[in-house]
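Shown next, in structure tokens, is the structure this report addresses.
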Amino acid sequence: MQYCVSSPALFPVRSDGGVPPAAVLAFAVVPFQGSQTEKDSAKPASTLATATSSTNDHAVSLDEITEDESKDADGNKVDAKSLTRIRTRKDPVKPSSSSDTATSSTIDHAVALGETKEDESKDADGKNVVTKSLTRIRTGVGAEESQLIGRQREILEVVELISNKDSQRSQVISVWGMGGLGKTTLVNGVYYSPKLSDKFEKRVFVTIMRPFDPSEHLRRLIVGLHEGSSTKEELLGNSVSNTKKQLALKSVEELTKEVAKLLETKSCLIVLDDLSSTTEWDLIIPDFPQQMQTKIIVTTREQKIAEHCTGSGKHGTVHNLKVLEPEDAIHLFNRKVFGDTRDLVDQENPELIKERKQILKKCDGLPLAIVVIGGFLANRPKTGAEWRKLNENISAELEMNPELGMIRTVLGKSYDGLPYELKSCFLYLSIFPEDHTISQRRLVRRWAVEGYSSERRGKSSNAIAETYFIELKNRSMILPSQQSVYSRKSIDSCKVHDLIRDIAISKSMEENLVFRLEEGCALSNHGTIRHLSISSNWKGDQSEFESIVDLSRIRSLSVFGRCKPFYISDKMMFLRVLDLEGTIGLEYHHLDNIWKLLHLKYLSLRDCDDIDLLPDSLGNLRQLQVLDVRGTRVNALPKTIIHLRKLQFIKMLTGLRKLGVTGINKKNGPAFRLAISNLSRLESLSVSSAGKPGLRGCLDGVSSPLENLQSLKLYGNLEKLPEWIKELPHLVKLKLSGTRLLEHDAAMELLGKLPKLEILVLSWSSFQGEELAFKSLQAGIAFESLRVLRLAGITNVKSLKFEEGVMPKLERLQVSGALYNEIDFSGLEFLASINEVQLRVSFLWDRERIEAALDSGTSWDKIEEEERQEHALKEGELKKKIQDQLARNANEPILTVR
């Protein structure tokens, strides 16, 4: 029989209700059965080192040893010392986390957070003592099969990684994600996998408790590892008690050395559940074990911690746990409500199906929410009216109903752990509507002008705000996404999970930070509000609008949907942010009062396609830093714009970060070069030429390299790339359109050496000639960071060649345009990371052949049919050639034809 150490049922509490520094987990030794399906009847009759199955058993701490009278193998009575723990189920004991797994409604003795219990037991010297203990919230689903719905694939992946004993890359497996995803449930399934039952000499499952005391955790880790392989004879003695007494005298340094010794001499499986800082890892596992057969599984809510534990991937693998797929969410919900995975369609209950859809939309794939709400509904009438009542008041129910409070408790832990500056940034997200995709650009600029970030240590306020965005992503507070594949950032936007957003809304309203004017909101006066958000479904009039909030105190106004003229009021004298992006119905005269907003720093009219002119009064906004008119019909700025000295998005200002210019030619080229040479902070530059000569000679001789440039777009005849392009160490995105470069090999070599280039777009005769060849470099790897290559309008190209070793990170190749001839692709099998080739081409009709056919009297319908057949034949041949090459690629990429 192999033994393992399970997570605690409880930990001590001070008399004042607080948790003492030594409050760490108390282990219980339970037999490791290897399979979750074994029955209690298969356990030995002796209580030695087993978890009792009675629901009336007393929980005891690690020090507490009870004496039980039982019989040995020969039938003689013996007093056996054993460690016991609370059992609320009769299946094998599973470790559970206080914060991350979904709650089962079948657990018998649920104890609320902070509830204390008194237990009479014996200390190490045999004296009776009464101890107070705080039972952790039991959020595990227990041994129910429902805990594994939708997670079988992830469990199998982790088990296979752990089974690979020779790979250093699988020595540590870090599982991270937002609270409630079921990280503990996942690693629990791995820990008890039958495939690992005989793989390790020692094993221990440790849930990290707060406050964190390194010495206590190390002692219990050591005791747990000893117990994980203890024999019956060792437990019959007092080896556990003796070991603990010896460890109590040792320092943290000595304990650390003993842990390292254990890990180096034995094969161990260790789970560290719910790490909340890199310091906790460093104090428990300061060095990676040399014993390659030892495996460590870590769960955490933060990406930074997960990566730290794996040595940034050198010693392990990071696994980002996602929400459940819709089908798995339905199955889990049905299991909790009905006890099986039946589909409501089978019951022909369209009303319940409709309400279930709304409930699951709110849960958005979060297992904790699905299980808790499902467990709540399991004990309620299963009628459309009952479920509709929950849906209509679900946000209030989640906040106030004690049966559903677990969800807010677990998710609220992530908010509580945020540093001050991130809390403000997070609450700011409540401005945006439900399910809204929020661009990083928009958030970062707004945070910066609002003063949420400030310049420090040589970094701009925008750069600091970008780190806040990344930190919120790493802490699982926002869900990252990418709006455009052509963005120079792999993550350029985010969404907020509905349940996380509810917390942001609740907290921001408590602090009078954000008020959302929407259908059904309270019409009473809300006094001082800093940020006002007007939803698309609010239908009120001007008198209602002005009576609800004190407009004179508002710092930001965000409008979603239709914009009404009275929304922009001259009473908003301290307004800093006016965000009208994407609104409907905004017209020029609605901006009449804008000149009175003297404190305005951010004005966005982006995608307001009815705006074609900006008022001259714009020049009064001397504090304006951001003016966004992209997607409007504005084609000229008022002359008064020169008064806006703080504006960051107009030329001739040293703080400029984004610049787009047209009409560059030989005459104005020198002045343009001088201007951009002074823009040391420029991050994005787009240049378009005027006339046939194009950009030829206009970009040569820039006196100071644009070191911070990340995006560069050049439109027009160039013939030769400027030399300063090779001095752009941070260039991520490059687009060349109509540049007609002559020196093919030299240009390709220059581009191939750009160290951070991720996106390359070549369109409309960017190169002259009939061949595009991406060749290897004599030293280094060509296009080593490129992940997207787009070739558009390549009408005259006949050959597209990739040499072995180039573009090792390329994920997507896109080819589009009208062709005269087939393109001869070669080397696709060498692209090691390619996932997809997108082909969107058409073949131009043969004009000479058509004219000859018409001259010979062939009907137009027949000519057209023949040309279509020829087109289909060429397209089929091209598709087959590409598929043949991709079939030889080990990455198994797909071909998409549009």
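A few remarks follow.
- Conditions (1) within 30 Å of Leu627 (Cα to Cα); (2) open to solvent by 10 Å² or more (accessible area, probe 1.4 Å); (3) of a type in the set (S, T, N, Q): number failed by Ser430: (2)
- Members of region 870-886 found to be more than 16 Å from Asn821 (Cβ to Cβ) and touching a residue at least 40 places away in the same chain (Cβ under 8 Å), listed by number: Gln885, Leu886
- Near pairs, Cβ below 6 angstrom, 6+ apart or cross-chain, from region 710-729 (within 24 Å of Gly769 (Cα to Cα)) to any residue that is assigned to a helix (DSSP H, G or I) and not β-branched (Val, Ile, Thr): Leu721/Ala747; Leu721/Leu750; Lys726/Leu750
- Criterion violated by Gln885 - all others in (1) under 30 Å from Pro808 (Cβ atoms); (2) open to solvent by 50 Å² or more (accessible area, probe 1.4 Å) satisfied: (2)
- Members of region 520-546 that are surrounded by 15 or more Cβ atoms within 10 Å (Cβ to Cβ) and outside any loop (DSSP other than H, G, I, E, B): His531, Leu532, Ser533, Ile534, Phe545
- Qualifying residue in region 835-842 (condition: on the phi > 0 side of the Ramachandran plot and either at pLDDT 90 or above or not in a loop (DSSP other than H, G, I, E, B) (or both)): no
- Positions within region 780-820 being assigned to a loop (DSSP other than H, G, I, E, B) and under 11 Å from Val841 (Cα atoms), in sequence order: Gly793, Ile794, Thr795, Tyr820
- Only one of the numbered conditions (1) in contact with a helix residue (DSSP H, G or I) (Cβ under 8 Å, 6 or more places away or on another chain); (2) farther than 22 Å from Gly182 by Cβ; (3) charged (D, E, K, R); (4) open to solvent by 20 Å² or more (accessible area, probe 1.4 Å) is not met by Lys362, and that is (2).
- For region 548-606, the candidate set comprises residues that are among the acidic types (Asp, Glu) and modelled with pLDDT of 90 or more; within that set, the residue that is least open to solvent (accessible area, probe 1.4 Å) is Asp579.
- In the set (1) closer than 21 Å to Met509 by Cβ; (2) surrounded by fewer than 14 Cβ atoms within 10 Å (Cβ to Cβ), Ile394 fails one condition alone, (2).
- Subset of region 365-381 that is touching a helix residue (DSSP H, G or I) at 6+ places or on another chain (Cβ under 7 Å) and part of a loop (DSSP other than H, G, I, E, B) - its residue that is farthest from Arg501 (Cα to Cα): Arg380
- Residues in region 158-182 that are part of a helix (DSSP H, G or I) and either modelled with pLDDT of 75 or more or touching an Asp or Glu at 6+ places or on another chain (Cβ under 7 Å) (or both): 6 in all.
- For region 406-421, the tally of residues that are crowded, with 18+ Cβ neighbours inside 10 Å and free of Cβ contacts under 8 Å to residues at least 60 places away in the same chain stands at 0.
- Filter result (open to solvent by less than 30 Å² (accessible area, probe 1.4 Å) and in a loop (DSSP other than H, G, I, E, B)) within region 610-633: Ile611, Leu614, Pro615, Leu621, Leu624, Thr632
- Here Glu867, Glu848 are screened, and the one residue that is modelled with pLDDT under 85, crowded, with 16+ Cβ neighbours inside 10 Å and under 22 Å from Ile823 (Cβ atoms) is Glu867.
- Looking across region 448-482 at every residue that is closer than 21 Å to Lys756 by Cβ, open to solvent by 20 Å² or more (accessible area, probe 1.4 Å) and part of a loop (DSSP other than H, G, I, E, B), the one that is modelled with the highest pLDDT is identified as Gly458.
- When residues of region 690-710 are limited to those that are open to solvent by 40 Å² or more (accessible area, probe 1.4 Å) and in contact with a His (Cβ under 8 Å, 6 or more places away or on another chain), the one modelled with the lowest pLDDT: Glu707
- Residues in region 429-466 that are among the polar types (S, T, N, Q) and farther than 22 Å from His497 by Cβ: Ser453, Ser454, Ser460, Ser461, Asn462.
- Residues that are touching a Ser or Thr at 6+ places or on another chain (Cβ under 8 Å), of a type in the set (A, V, I, L, M, F, W, C) and under 30 Å from Pro480 (Cα atoms) within region 272-296 comprise Leu272, Leu275, listed in sequence order.
- Checking each residue in region 775-823 for being exposed (fewer than 15 other Cβ atoms within 10 Å of the Cβ) and aliphatic (A, V, I, L, M) picks out Ala779, Ala818.
- Region 551-582, residues that are in a loop (DSSP other than H, G, I, E, B), within 37 Å of the chain's Cα centre (by Cα) and on the phi < 0 side of the Ramachandran plot: Ile554, Arg555, Phe560, Cys563, Lys564, Ile568, Met572, Phe574, Leu575, Arg576, Leu580, Glu581
- Check on Glu727, surrounded by fewer than 17 Cβ atoms within 10 Å (Cβ to Cβ) and either out of contact with any Lys or Arg (no Cβ under 7 Å at 6 or more places or on another chain) or closer than 27 Å to Leu828 by Cβ (or both): yes
Yes/no per residue for (1) open to solvent by 10 Å² or more (accessible area, probe 1.4 Å); (2) of a type outside the set (Lys, Arg); (3) in contact (Cβ under 8 Å) with a residue 40 or more places away in the chain; (4) farther than 27 Å from Pro367 by Cβ:
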site: Val252; (1), (2), (3), (4): yes, yes, no, yes
site: Leu272; (1), (2), (3), (4): no, yes, yes, no
site: Ile285; (1), (2), (3), (4): no, yes, no, yes
site: Glu302; (1), (2), (3), (4): yes, yes, yes, no
site: Ser312; (1), (2), (3), (4): yes, yes, no, yes
site: Val323; (1), (2), (3), (4): yes, yes, yes, no
site: Pro326; (1), (2), (3), (4): yes, yes, no, no
site: Asp340; (1), (2), (3), (4): yes, yes, no, no
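The values are calculated or read from the model by the stated rules, or taken from the named source; none is laboratory data. Being a predicted model, the structure only gives us computed values, none of them experimental. Because the Cβ atoms are built from the backbone with ideal geometry, glycine has one as well, and the counts that use them run over all protein chains shown. SASA here: full protein model, heavy atoms, side chains in, ligands and nucleic acids out. Shrake-Rupley method; radii C 1.70, N 1.55, O 1.52, S 1.80 Å.
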